[in-house]
Amino acid sequence: MKQKIAVEAIADSLKKDGRVKSIYVKGSMGREEEDEFSDVDLYCLVEEHDLTSFLQDRLQHLEAYGKLLFHDDLFIIAPQIIAVYEDLLHVDLFTVTEKTFKQKDYFKVIYDPEGKLSPFERSQNLLLSDAEFNEFAGDTGWFLFQYLKAMRRGNDLWAAEMLQHTMRNFSSVLLQRYKPERAQLGYKSLETSLPEQLVGNVKKIMGLIGPFTHQQAASEILRLIEAERGWIRSEWKDEQGNRLLDTMLSTLEGIRK
């Protein structure tokens, strides 16, 4: 696959750069789950004192694979270049130091002559922390609240958008129950991680989220959350968050009836 060819070409270029101490991939390639449509999440580790100078030279390393159609320089979890090649391969090149290494997801080592990645190998996982689970559960109730306001206002487009946010957060809550070892993946992992009936329910909801059918979608979301409510309450100890979620469920249920 072109993903592997690209990683090999870019890595060969990076290995010649003395500032690069380690090279690894995360995402689907790090988990060895990639297919022909996968993006490449390529990481290189440099020393703190080399970071600024290295960032100026990333494009020449990326061009070792081919000509770029598009690129953008941004910072999300680390300095990153989003690169799209003329063959439409998408590569994200991240630059980290030992201090900024994110201990989430699995990684596959490409180059690590000094063993700098060894201390991080035991931390590989896709689990949600307690704080992350609390945030996803809390945002489920919060976006139902935002949906209620938009629906009452008659803003159908925004109401549909708020249900999208509700489901994005609740998908991680569902994964925490049924497949916690993949919960960090959220939506991406639903079809292969949830029981078949639940996948069907989620697909039905997603098909209904739109400006003309959002109230039907909301009804199905309520049914889905209510079915899991006992488990959520046992796992989620945020009293305020639970009150908000319960209030949204009862208020929207009243409107539905």
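Using Cβ contacts closer than 10 Å as the measure, can you line up T97, T140, T251 from fewest to most?
Details: T97 16, T140 27, T251 13.
Starting with the residue having the fewest Cβ neighbours, the order is T251, T97, T140.
Sum -39500 (n - 2.57) across every DSSP H segment of at least 4 residues in the chain, then divide by the residue count to get the 222 nm mean residue ellipticity, nearest 500. Before the final figure, lay out each step's value.
Working: 10 runs with 132 residues, N = 257.
After summing the helix terms and dividing by residue count, I get -16500 deg cm²/dmol.
What share of all Cα pairs of region 2-123, in percent, falls into each consecutive 5 Å distance bin?
2, 11, 24, 26, 22, 11, 3, 0
How large, in Å, is region 120-162 by the Kirkwood hydrodynamic radius built from its alpha-carbon pairs?
One over the average 1/r among Cα pairs gives 12.3 Å for region 120-162.
Evaluate the relative contact order of region 1-144 (contact order divided by residue number), counting alpha-carbon pairs under 8 angstrom at least 6 apart; express in whole percent.
Normalised by residue count, the contact order of region 1-144 is 27 percent.
Note down the magnitude of the dipole of region 130-256 about its Cα centre, charges +1 on Lys and Arg C-beta and -1 on Asp and Glu C-beta and zero elsewhere, to the nearest 20 debye.
So the magnitude is around 300 debye.
Using modelled amide H (1.01 Å from N, peptide plane; none on Pro or chain starts), what sits under 5 Å from the amide H of L128, excluding residues fewer than 5 places away?
A183, Q184
What does region 130-256 give for Rg and for Dmax, in Å, if only its C-alpha atoms count?
That works out to 13.6, 40 Å for Rg and Dmax.
Given the Cα-Cα distance of K67 and F120 and 0.36 nm per residue of separation, how much length would full extension add, in nm?
Length gained, K67 through F120: 15.7 nm.
Can you give me the relative contact order of region 130-256 as a percent, contacts being Cα pairs under 8 Å and 6 or more apart?
The value is 28 percent.
With +1 on the Cβ of every Lys and Arg and -1 on the Cβ of every Asp and Glu, and nothing else charged, how large is the dipole of the chain about its Cα centre, in debye rounded to the nearest 20? Please report the intermediate quantities before stating the final value.
Values: 33 positive and 42 negative charges, 196 e Å.
With Lys and Arg at +1 and Asp and Glu at -1, about 940 debye.
Could you check the simple spin-label distance between D156 and L59, using points 7 Å along Cα→Cβ, in nm with one decimal?
Result for the modelled spin labels: 4.6 nm.
Got the relative contact order for the chain handy, in percent, Cα pairs under 8 Å and 6 or more residues apart?
15 percent
Hey, got a sec? Which GluC sites (Glu not before Pro) in region 98-181 land in a DSSP loop and have at most 15 other Cβ atoms within 10 Å?
When the GluC sites (Glu not before Pro) of region 98-181 are filtered for loop state and at most 15 Cβ neighbours within 10 Å, E98, E114 remain.
For the chain, take the longest principal axis of its alpha carbons; what is the angle in degrees between that and the long axis of helix 239-256, to the nearest 10 within 0 to 90?
Tilt of helix 239-256: around 60 degrees.
Can you compute the modelled spin-label distance between E239 and D12, with each label point 7 Å from Cα toward Cβ, in nm?
Taking the two extended label points, one gets 6.4 nm.
In whole angstrom, how far apart do the alpha carbon centroids of region 209-228 and region 1-51 sit?
Cα centroid of region 209-228 versus Cα centroid of region 1-51: 41 Å apart.
I'd like the GluC sites (Glu not before Pro) in region 1-65 restricted to DSSP loop residues with at most 15 other Cβ atoms within 10 Å, sorted by number.
Numbers: sites: E8, E32, E33, E34, E36, E47, E48, E63; in loops: E32, E33, E34, E36, E47, E63.
Answer by residue number: E32, E33, E36, E47.
Picking from Q124, T247, V91, whose Cα lies most toward the positive end of the charge dipole for the chain (charges on Cβ: Lys, Arg +1; Asp, Glu -1)?
T247
Could you calculate the FRET efficiency of A227 with L74 from 1/(1 + (r/R0)^6), where r is the beta carbon distance between them and R0 is 51 Å, rounded to 0.05? List each step's numbers first, then the result.
Working: r = 39 Å, r/R0 = 0.77.
Result of the calculation: an efficiency of 0.85.
Between Q215 and A131, what's the calculated FRET efficiency when r is the beta-carbon distance and R0 is 45 Å? Round to 0.05.
Computed FRET efficiency for Q215 and A131: 0.85.
Assuming 0.36 nm per residue, please report the length gained on full extension of the stretch R168 to E33 beyond their Cα-Cα distance.
So the chain would gain 46.4 nm between R168 and E33.
How big is the charge dipole of region 1-153 about its Cα centre, in debye rounded to the nearest 20, if each Lys and Arg gets +1 on its Cβ and each Asp and Glu gets -1 on its Cβ?
Values: 19 positive and 29 negative charges, 84 e Å.
Roughly 400 debye for region 1-153.
FYI, it's all coordinate maths here, none of it is from the lab. Quantities reported herein were computed from a predicted structural model and do not represent experimental measurements. Here the Cβ is made from the backbone with ideal geometry for all residues, glycine too, and neighbour counts use every protein chain on show.
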